[in-house]
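First the structure, in the form of structure tokens, and then the observations on it.
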Amino acid sequence: MRVMMTGGTGFAGSHTVRRYLAAGHSVRLLVRDAEKVRRVFDPFEVEIPEADVIVGDITDEDSVMRAMRGCDAVYHGAALVDMKRSMAARVLDTNYRGVELVVGNAARKGLASIVYVSSISVFFEPGCGPLHIDMPIAAGTTAYAKSKSLAEHEVRRMQAEGAAIRISYPTGIVGPEDPGLSDANQAIYIFLSQTGVNTSSGFQIVDVRDLAELHLRLLEQPEGSSRYVAAGPMLSWPETYQVLDKLTGRWTRRFPIPGPLFRALGSLGDRIKSVYDFSFPLTRDAMEFATRWPGCSGEPTTREIGISFREASETYRDTIRWMYEVGHLTSKQVGKIAD
Ligand SMILES: NC(=O)c1ccc[n+]([C@@H]2O[C@H](COP(=O)([O-])OP(=O)(O)OC[C@H]3O[C@@H](n4cnc5c(N)ncnc54)[C@H](OP(=O)(O)O)[C@@H]3O)[C@@H](O)[C@H]2O)c1
């Protein structure tokens, strides 16, 4: 297939681009920065022809339509993730408008396969039970959460009208070869370079390589629409640190903070952000996720389409090794993984 892709220079997107190419598909990337395409793909000796790199923006219909011309499938993974209060309106507009233009136009053209990356967090409400795809869509409190929820409503409406949209719902995406350090990878980096927090509930990740595999499977589904969770096993916070300790042979520093206190700190962060804006995700919303995550299961995805999600220890090992190799972490911080 010839696939128009957004977010191809990002973490999940760059892995998905490489997986699609390896499977014999061709890609056309809609990007904001053509130089970044070279920076991201040259190390893997993946060459994307200049004609297949369209510079534009997911909120600009003209560039979206140019990128889509001649393609028979679309992968929409681009989203703006920014926790600054000053960015709220832009995050909301970019992520919702992007879906309207990219997924909406692909649906109107009747493309054979449209893969959209949502988030399992669209189902999360504080205090809810284990997450699954038949739950109601939550409203979301931050601009990012709201944007993904609004987008989800829109994409579901298009599915109901018959568009061949296949949705993935990732948990925190972790893995090696991240062009930036997206949220969940950044958490690992902070745990090993600074400190972690030992609190209630836990941390549930999906390996970026398993997610890319799921995106390939969704692209190649012969017909219709579908929805699948992308999630590895749920580990409590103590279990997460035990895995990191075992892999590195070091004691990962972690402060015990009870869930209610951590959530109160998040509310304080919200108040500080209203006076002094900063991007660190110390928000009530982020602390609700960190301390009350109910978990979700990737088992239906494994059972129905054969995607298995690897153990967190394998993902952490490869991610930490990669962070060491590219210089994010020092040999002291990664301990025996450096050997
Ligand atoms: N990371 C997670 O833990 C997680 C969890 C659940 C769901 N998700 C979803 O998964 C998807 C991928 O996440 P990620 O972590 O891989 O993100 P990422 O690394 O931050 O990549 C985001 C991509 O979107 C592109 N982008 C942002 N705004 C754009 C715009 N206005 N026009 C065109 N492109 C734009 C970025 O372009 P540049 O390269 O130019 O910056 C980048 O390629 C997103 O939809 C996100 O909501 C992520």
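The values are calculated or read from the model by the stated rules, or taken from the named source; none is laboratory data. In this text, all values refer to a predicted model and were calculated from it rather than measured experimentally. Quick reminder, even Gly has a Cβ in these numbers, built from the backbone with ideal geometry, and neighbours come from all protein chains shown. These accessible areas exclude ligands, DNA and RNA; they are computed on the full protein's heavy atoms, side chains included. Shrake-Rupley method; radii C 1.70, N 1.55, O 1.52, S 1.80 Å.
Working carefully through the options 229, 206, 197, find the one that is assigned to a strand (DSSP E or B) and surrounded by fewer than 22 Cβ atoms within 10 Å (Cβ to Cβ). Answer to the check: 197. Within segment 94-130, the set of residues being open to solvent by less than 10 Å² (accessible area, probe 1.4 Å) and over 23 Å from residue 17 (Cβ atoms) comprises 122, 123. The set of residues in segment 59-93 being under 20 Å from the mean Cα position of the chain (by Cα), of a type in the set (Ser, Thr, Tyr) and open to solvent by 10 Å² or more (accessible area, probe 1.4 Å) consists of 59 alone. The set of residues from segment 154-174 being in a loop (DSSP other than H, G, I, E, B) and either aromatic (Phe, Trp, Tyr) or within 10 Å of the ligand (Cβ to nearest atom) (or both) comprises just one member, 171. A residue that is within 9 Å of the ligand (Cβ to nearest atom), open to solvent by less than 50 Å² (accessible area, probe 1.4 Å) and hydrophobic (A, V, I, L, M, F, W, C) cannot be found anywhere in segment 41-51. With respect to being at pLDDT 95 or above and surrounded by 17 or more Cβ atoms within 10 Å (Cβ to Cβ), residue 326 falls outside the description. Scanning segment 112-131 for residues being part of a loop (DSSP other than H, G, I, E, B) and within 11 Å of the chain's Cα centre (by Cα) gives a total of 2. Flag set for residue 12, criterion: small (Gly, Ala, Ser), near the ligand (Cβ under 10 Å from one of its atoms) and either buried (at least 18 other Cβ atoms within 10 Å of the Cβ) or at positive phi (or both).
Is there a residue being near the ligand (Cβ under 10 Å from one of its atoms), in contact (Cβ under 8 Å) with a residue 40 or more places away in the chain and of a type in the set (Asp, Glu) anywhere in segment 63-84? Checking segment 63-84: at least one residue is near the ligand (Cβ under 10 Å from one of its atoms), in contact (Cβ under 8 Å) with a residue 40 or more places away in the chain and of a type in the set (Asp, Glu).
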